[in-house]
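> Starting off with a structure, shown below.
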Amino acid sequence: MKELAKRCKEASKTLMSLDLETKNKIFDELVLNLKSKKHDIINANQLDVFKAEQSNLSNAMVDRLRLTRERIDQMINGVIEIKNQKEVVGSFFDEFVNPNGLSIKRQRVPIGVILMIFESRPNVVIDCAALALKSSNGIILKGGKEAKETNEILGKIITESINKYIPEDSVITLASDDRNAVSDLLECNESIDVVVPRGGHGLIEYVYDHAKMPVIAHYKGLCHMYIDKYADIEKGLKLVENAKTQRTGVCNAIETLLVHSEIMEDFAPKLSNLLTEKGTELRVDKEYLDKVDFKHQIATSKDWETEYLENILSVKTVHSFDEAIDHISKYGSHHSECIVSEDKERCQNFINRVDASCVMVNASTRFNDGGQLGLGAELGISTSKLHAYGPMGVEQMTTSRFVVMGEGQIRG
């Protein structure tokens, strides 16, 4: 692993000066190969899905693992979007001339080599390889064994797409069933500049405990939606339905709904009817239960701190705006938080007081996604605050340096 990381570091040095024309040729080749090998990708993925189901992996894990034709098309469209984004690497900003005539400006430069460790989602291989190439970073991709066959074929497609133009060690996709690789790679701080883990609590904690390089964590998504007393109830119901049930096993789906007590009598029966039809299990407090004719499970304190990744929603009654904020502050994971309200002042107050990588006002939390927010795809959704906060696209995969242009000035 140490030698492999060194090779990726050496390859990454050639990427800084990679011209736009060559980058575009690589992206075109990648799109062409993904389209021509779509059938092979699906066959490999079906094998992974079959093994996952035989191993009794959770429905959420299997859903994240599965690649349909539609999802492959989304990956391809993501590559095209990334290709068409403006060039960030090498660009200058914040330029000024100081009193002694020095021209000072800042320049976007690649981070270097990124180690990406992820579970289940094979689309990460393509998304993150494309983002790394656009941002001129080398990348090492280490997926989980549950996606072994899919990751392997996607890795081969990437290698075939880049090796005519840049060193193939620029993007390295490792064998997904090599468990020792992770611990070895986390020691390679001389060659790897940052590690990004995407997965469950155990993976994140392991990486934090063992990495010798900086960590940017894509941590859990314990996301809330707060239905304010000034909410449009029909709008709120529509947003809850989408944020919980459109795709339940993803990090930007809501897990807890907070409802102001002053609208609960009208809101609760409609919500129970709506989500019961969607097969959602509701875990509610007693105040909610008193307003409906359904036999919902009573929520416990454990529910407030649980990321279900299933079609389950906990519902809590709050008696004030401040109580909603306090609950989010205590249980939120800095991922996605939403307020539903027609009161602009309260919405602005929510934005000012909630600490999350993405704050929504009258919009589904499902929009906290690199593709939806104009990034083409994402390396991950950072719930750390350094070096990025929220979905990481091309710009977030660069850092900046100072460039100083002079005419012989010396410091006195």
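> Where in the range 299-412 are the helices (runs of 4 or more DSSP H), entirely inside, with at least 1 residues that are in contact (Cβ under 8 Å) with a residue 60 or more places away in the chain? Don't jump to the end; show me each part of the working.
Numbers: elements: 301-304, 321-331, 344-353.
The qualifying helices (runs of 4 or more DSSP H) are 321-331, 344-353.
> Which pairs turn up if I take residues in the range 163-176 that are among the aromatic types (F, W, Y) and look for partners that are open to solvent by less than 40 Å² (accessible area, probe 1.4 Å) with beta carbon separation below 7 Å, at least 6 apart in sequence or on another chain?
Close Cβ pairs (under 7 Å, with a partner that is open to solvent by less than 40 Å² (accessible area, probe 1.4 Å)) amount to Y165/T22; Y165/I26.
> Inside the range 51-102, can you point out the residues that are open to solvent by 40 Å² or more (accessible area, probe 1.4 Å), more than 25 Å from Q396 (Cβ to Cβ) and among the β-branched types (V, I, T)?
T68, V97
> Something else: Being among the aliphatic types (A, V, I, L, M), buried (at least 22 other Cβ atoms within 10 Å of the Cβ) and at pLDDT below 95: is that true of L313 here? Break it down into steps so the answer makes sense when it comes.
Numbers: among the aliphatic types (A, V, I, L, M): yes; buried (at least 22 other Cβ atoms within 10 Å of the Cβ): yes; at pLDDT below 95: no.
Against the criterion (among the aliphatic types (A, V, I, L, M), buried (at least 22 other Cβ atoms within 10 Å of the Cβ) and at pLDDT below 95), L313 does not qualify.
> Which numbered condition trips up I41, out of (1) aliphatic (A, V, I, L, M); (2) at pLDDT 95 or above; (3) more than 19 Å from K156 (Cβ to Cβ)?
Here I41 meets the rest and fails (3).
> While we're on this one: Spot the failing condition for R106; the list is (1) within 30 Å of M405 (Cα to Cα); (2) crowded, with 23+ Cβ neighbours inside 10 Å, and only one is missed.
(2)
For (1) open to solvent by less than 10 Å² (accessible area, probe 1.4 Å); (2) within 21 Å of V125 (Cα to Cα), each residue gets a yes or a no:
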residue: S161; (1), (2): yes, yes
residue: S170; (1), (2): yes, yes
residue: L185; (1), (2): yes, yes
residue: E190; (1), (2): no, no
residue: G200; (1), (2): no, yes
residue: V207; (1), (2): yes, yes
residue: E234; (1), (2): no, no
residue: T245; (1), (2): no, no
residue: I254; (1), (2): yes, no
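> Report whether or not E307 is open to solvent by 40 Å² or more (accessible area, probe 1.4 Å), among the charged types (D, E, K, R) and touching a strand residue (DSSP E or B) at 6+ places or on another chain (Cβ under 8 Å). Outline the logic, then answer.
Values: open to solvent by 40 Å² or more (accessible area, probe 1.4 Å): yes; among the charged types (D, E, K, R): yes; touching a strand residue (DSSP E or B) at 6+ places or on another chain (Cβ under 8 Å): yes.
Yes; evaluated as a whole, the condition is true for this residue.
> For the range 181-203: of the residues being without any contact (Cβ under 8 Å) to a residue 60 or more places away in the chain and in a helix (DSSP H, G or I), which is farthest from the chain's Cα centre (by Cα)?
Result: S183.
> When you scan the range 105-174 for strands (runs of 3 or more DSSP E) that lie fully inside it, which ones turn up with 3 or more residues that are over 13 Å from V394 (Cα atoms) and polar (S, T, N, Q)?
none
The values are calculated or read from the model by the stated rules, or taken from the named source; none is laboratory data. Remember, predicted model here, so these are calculated numbers, not experimental data. Using ideal geometry, Cβ is built from the backbone for each residue, glycine included, and neighbour counts are taken over all protein chains shown. Just so you know, the surface numbers come from the protein's heavy atoms only, side chains and all, with ligands and any DNA or RNA stripped out. Shrake-Rupley method; radii C 1.70, N 1.55, O 1.52, S 1.80 Å.
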